[in-house]
Structures are given as structure tokens and as C-alpha cells.
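Report on the following structure.
The values are calculated or read from the model by the stated rules, or taken from the named source; none is laboratory data. In this text, all values refer to a predicted model and were calculated from it rather than measured experimentally. Every residue, glycine as well, gets a Cβ built from its backbone with ideal geometry; the counts of neighbours run over all protein chains shown. The protein model used for the area step is the full one, side chains on, heavy atoms only, and it has no ligands, DNA or RNA in it. Shrake-Rupley method; radii C 1.70, N 1.55, O 1.52, S 1.80 Å.
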Amino acid sequence: MSTLVSIKGVKKGYGVKKIIFEDLNLEIESGKIVGLLGPNGSGKTTLIKMLAGILSVEKGKILINGNEIGVKSKSEVAYLSERIYFNESLKVKQVINLYKDFFKDFDEDRALEMFKNLNIDINTTIKKLSKGNKEKVQLIMVMSRRAKLYLLDEPIAGVDPAARDFILHTILKNYDSEATILISTHLITDVEEILDEVIFIREGKILLQENADKLRQEKGQSINEVFREVFKSW
Amino acid sequence: MEWKFDSNSPIYIQIMNHIKKCIVSGEYKPGEQIPSVRELAVEAGVNPNTMQKALSELEREQILFSKRSAGRFVAEINKDLKGNISNDIILNFINEMHSLGYNEKEILDLVKESLKKEEK
């Protein structure tokens, strides 16, 4: 396992007054499913957007698979945003063609198989799909890319438990030992069994980064319980 | 046997226990090949690295063995295995009954009663 993501001395703020990260340092290895866990406003989404190359940093350096954030890194990173970002007047198969055009590493067969398994007709317009299905479509598109780094921002937050199971199952099925999946979420109980490693973040600071089983062994508790203790606010 | 995990203790140990139970109960037979790490991980709903760790440990304990690139197989059943697993279950049971306030005689009587009811 080698270092896939290297973040050194990163400073990031919004405007003049709001500082998200003062001096962020973090390393993530390849071949891992990592949970980025923290309360709302802790900096999870900002961190993910920086890795996705959507937000710039003021100071410091980020390397993904040895490359600085840019065209090369973006071609190796698959990002699932919290919101639905497709143009909803498109049909599913048009989105597939869009991805095929944009991304060399897009695996069309894999995507088609997953849509078939879910009985999602690729001739349907995105607008006509239920919220749960829209989220599934977005996830399938992202997981059908053979990227080095997958950034999933709250992939299961807005959906029912059965859809959650499908999403987690899809993530596991598509796991590639050369790649890393970074899942940002506050729904820890649902997700903890598939995690290799967890990172706790609060107010832009990394509180801990540890192997999930090791943490369970040390504390004799589930990750969810450890999280509640660490982030207790009273 | 369905996979059920308790997030309070390391998952890899629970995986090992689950596979041991499958072997003792005959679901996995000696000499039989078990599914790949990846397939088992998806089936159990756990991280493949965690599954890999569990299977490696089981190999170390000589409960499983691997044939070069052919995969992993169930080793001949160690007589102790069944005994060890049931021992763990019994110890846990006794501890819980103690914490409820029962003494040894009471525990034995309760078990006998329950078994009688089952026979009916």
C-alpha cells in the first residue's frame, strides 16, 4: 500500500474572516475504504471539494497519486456530490454518453449492468425518477469509473434503508485494491462495517485517524459510540 | 448462516467465529473451497481488507489452507474446534446468568427445565 493522498500545510478560508483549515496535514493510503466522520460544518465537504479540485487552497500542497491538483489528478478522481448535479432534463442514457465522452476510465458495461439490476430504464428522463433512484443513478455513474480516488459526499443521507444497503453493497462490489474510497458521512452506524479506517474531523482539525477494528478493540465500542463520546457537546 | 455483526468488537474476529461455526455445523465441509475474499466480503457486507485479515488468521490457525493460486479451502475439522466454540458460548452464557444473580445450581436447573420443554 502506498500513499495516494498527501495533504501538507493546507490553509483554506472563505472570505477574510472564516477559516476552515489553518494547517491541515493528512495522508491516505491506497486500497482503503476510509470514513471521513464529523459533525456538520467540520470541514468534510470543503476537504472533499479541495481533493476534487473544485476548491483551491490558499497555502500548502495537495498531491493525489503524486500529481498536484489539476487535469491529471481530476482524471483519476471520481467525485459524488451531495446534491443531484445532472441536468435533469437529460435521459439516463444521455448521461452515460456524457460520461463516456468525458472520462477515459468510464466502464459502460458495468454501469449498464447495474441499471439493469435495479430495473432503471435508461430511456427515462432523470426528472421523472424518484429521489432515491436519482441518487442511485448518480452513484452508479461515479462507481462505474475506474478511478484511483473516489470521493463520496454523504452517499446515503437522503435515502431509505434498502437503498442504503444497495449503495453500500455497490461500493463493496466495485472495490479495487489499487484505489481508495473516501466516504464522508454522519450516518456512521450504517457505514462502519465497510470501513478500513476512520478519520474524525472537527472544526477543520483532524482529531484521529485509525484503523476501524483497532479502534473498536481499544475502546470496546462501535465506531458510532466512540464518535458520540468524542463529539459530545455538553 | 446469515452474517450478523455487533459493531462493538473487532469485525475480523466476528468473521472468524462465523466461519468457524459454518465449518462446525457442516455448512462448509473439509476439503471444500470457500468463496474468494471479495465474494465473501460482499456477501457479509464488510470491508475486503477486514475479510482478508480474518481469512489470513484462520489460515494461521490452520482452520483454512490455501493452494497456491487456487484459493482457500477448509482444513480437516479439528476436534477441538467444536469444543472451543461451544466453550466460548457456554462461558458467555454463565457470565450473563451470574450477572442476573443466579448461582450454579439455579443455572443448571433452569437449563434442564428449558431442555425438557424443547423436547416436548
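Mind listing whichever residues of region A:186-196 are within 10 Å of chain B (Cβ to nearest Cβ) and open to solvent by 60 Å² or more (accessible area, probe 1.4 Å)? Working first, answer last.
So the first thing to find is which residues in region A:186-196 are within 10 Å of chain B (Cβ to nearest Cβ), and the list is A:188-189, A:192-196.
If the condition is that a residue be within 10 Å of chain B (Cβ to nearest Cβ) and open to solvent by 60 Å² or more (accessible area, probe 1.4 Å), then A:189 is the only one that fits.
Test residue B:73 against the stated conditions and say whether it is open to solvent by less than 30 Å² (accessible area, probe 1.4 Å), among the aromatic types (Phe, Trp, Tyr) and touching a strand residue (DSSP E or B) at 6+ places or on another chain (Cβ under 8 Å).
Details: open to solvent by less than 30 Å² (accessible area, probe 1.4 Å): yes; among the aromatic types (Phe, Trp, Tyr): yes; touching a strand residue (DSSP E or B) at 6+ places or on another chain (Cβ under 8 Å): yes.
Against the criterion (open to solvent by less than 30 Å² (accessible area, probe 1.4 Å), among the aromatic types (Phe, Trp, Tyr) and touching a strand residue (DSSP E or B) at 6+ places or on another chain (Cβ under 8 Å)), residue B:73 qualifies.
Do any residues in region A:1-25 that are closer than 13 Å to residue A:62 by Cα have Cβ atoms under 6 Å from those of residues that are open to solvent by 90 Å² or more (accessible area, probe 1.4 Å), where the two are at least six apart or on different chains, and which pairs are they?
As it stands, the answer is A:3/A:27; A:6/A:27; A:8/A:61; A:9/A:23; A:11/A:58; A:11/A:59; A:12/A:58; A:25/A:8, since those pairs meet every condition given.
I want to confirm something. Restricting to region A:27-42 and keeping residues that are of a type outside the set (D, E, K, R) and open to solvent by 10 Å² or more (accessible area, probe 1.4 Å), which single residue is nearest to the other protein chains (Cβ to nearest Cβ)?
Filtering first and then ranking leaves A:30.
For residue A:214, which of the numbered conditions (1) in a helix (DSSP H, G or I); (2) within 11 Å of another protein chain (Cβ to nearest Cβ); (3) in contact with a helix residue (DSSP H, G or I) (Cβ under 9 Å, 6 or more places away or on another chain) fails to hold?
(3)
Which one of these is open to solvent by 40 Å² or more (accessible area, probe 1.4 Å), more than 9 Å from chain B (Cβ to nearest Cβ) and in a strand (DSSP E or B): A:183, A:199, A:206? Explain how you work it out, then say what you get.
On the way: A:183 fails: open to solvent by 40 Å² or more (accessible area, probe 1.4 Å); A:199 fails: open to solvent by 40 Å² or more (accessible area, probe 1.4 Å).
A:206 is the lone residue from the list that is open to solvent by 40 Å² or more (accessible area, probe 1.4 Å), more than 9 Å from chain B (Cβ to nearest Cβ) and in a strand (DSSP E or B).
State all residues of region B:73-104 that are modelled with pLDDT of 85 or more and under 15 Å from residue B:16 (Cβ atoms); if no residue qualifies, say none.
Correct list: B:74, B:75.
Being closer than 23 Å to residue A:33 by Cα and open to solvent by less than 50 Å² (accessible area, probe 1.4 Å) is the filter here; which residues of region B:20-37 pass it?
Answer for region B:20-37, where residues must be closer than 23 Å to residue A:33 by Cα and open to solvent by less than 50 Å² (accessible area, probe 1.4 Å): B:35, B:37.
Can you tell me how many residues in region B:38-79 are more than 20 Å from residue A:32 (Cβ to Cβ) and away from chain A (no Cβ under 12 Å)?
Counting residues in region B:38-79 that are more than 20 Å from residue A:32 (Cβ to Cβ) and away from chain A (no Cβ under 12 Å) gives 22.
Would you mind stating whether residue A:119 is outside any helix (DSSP H, G or I), open to solvent by 60 Å² or more (accessible area, probe 1.4 Å) and out of contact with any helix residue (DSSP H, G or I) (no Cβ under 9 Å at 6 or more places or on another chain)?
Details: outside any helix (DSSP H, G or I): yes; open to solvent by 60 Å² or more (accessible area, probe 1.4 Å): yes; out of contact with any helix residue (DSSP H, G or I) (no Cβ under 9 Å at 6 or more places or on another chain): yes.
Answer is yes for this residue.
From the residues in region B:9-21 that are within 14 Å of chain A (Cβ to nearest Cβ) and touching a helix residue (DSSP H, G or I) at 6+ places or on another chain (Cβ under 7 Å), which one is nearest to residue A:193 (Cα to Cα)?
The extreme case among them is B:11.
If a residue has to be within 18 Å of residue A:199 (Cβ to Cβ) and either among the aromatic types (Phe, Trp, Tyr) or assigned to a strand (DSSP E or B) (or both) to count, how many in region A:1-24 make the cut?
14
Anything in region A:49-76 that is touching a strand residue (DSSP E or B) at 6+ places or on another chain (Cβ under 8 Å), open to solvent by 90 Å² or more (accessible area, probe 1.4 Å) and charged (D, E, K, R)? List them, or say none.
Within region A:49-76, A:58, A:59, A:61, A:68 qualify.
Looking at A:136, A:128, which one is free of Cβ contacts under 8 Å to residues at least 60 places away in the same chain, surrounded by fewer than 21 Cβ atoms within 10 Å (Cβ to Cβ) and of a type in the set (Lys, Arg)?
Numbers: A:136 fails: surrounded by fewer than 21 Cβ atoms within 10 Å (Cβ to Cβ).
When all the criteria are applied, what remains is A:128.
Among the residues of region A:122-166, write down those that are part of a loop (DSSP other than H, G, I, E, B), hydrophobic (A, V, I, L, M, F, W, C) and either farther than 19 Å from residue A:35 by Cβ or modelled with pLDDT of 90 or more (or both). Even if it seems obvious, please write down each step before you answer.
Going through region A:122-166, the residues part of a loop (DSSP other than H, G, I, E, B) turn out to be A:122-124, A:129-130, A:144, A:146-148, A:154-160.
Subsequent filtering for residues that are hydrophobic (A, V, I, L, M, F, W, C) retains A:122, A:129, A:147, A:156-157, A:159.
Result: A:122, A:129, A:147.
Output yes when any residue across region B:82-93 is among the charged types (D, E, K, R) and closer than 23 Å to residue A:172 by Cβ, and no when none is.
Going residue by residue through region B:82-93, those that are among the charged types (D, E, K, R) are B:82, B:88.
In the following step, the residues that additionally are closer than 23 Å to residue A:172 by Cβ were identified as none.
Scanning region B:82-93 turns up no residue that is among the charged types (D, E, K, R) and closer than 23 Å to residue A:172 by Cβ.
Taking the condition of being open to solvent by less than 10 Å² (accessible area, probe 1.4 Å) and under 14 Å from the mean Cα position of the chain (by Cα), how many residues in region A:156-180 meet it?
Residues that pass the stated criteria total 7.
Within region B:39-54, is there a residue that is more than 19 Å from residue A:195 (Cβ to Cβ) and open to solvent by less than 50 Å² (accessible area, probe 1.4 Å)?
To start, the set of residues in region B:39-54 that are more than 19 Å from residue A:195 (Cβ to Cβ) comprises B:39.
Going one step further and asking which of them are open to solvent by less than 50 Å² (accessible area, probe 1.4 Å), we end up with none.
No, there is no match, as no residue in region B:39-54 is more than 19 Å from residue A:195 (Cβ to Cβ) and open to solvent by less than 50 Å² (accessible area, probe 1.4 Å).
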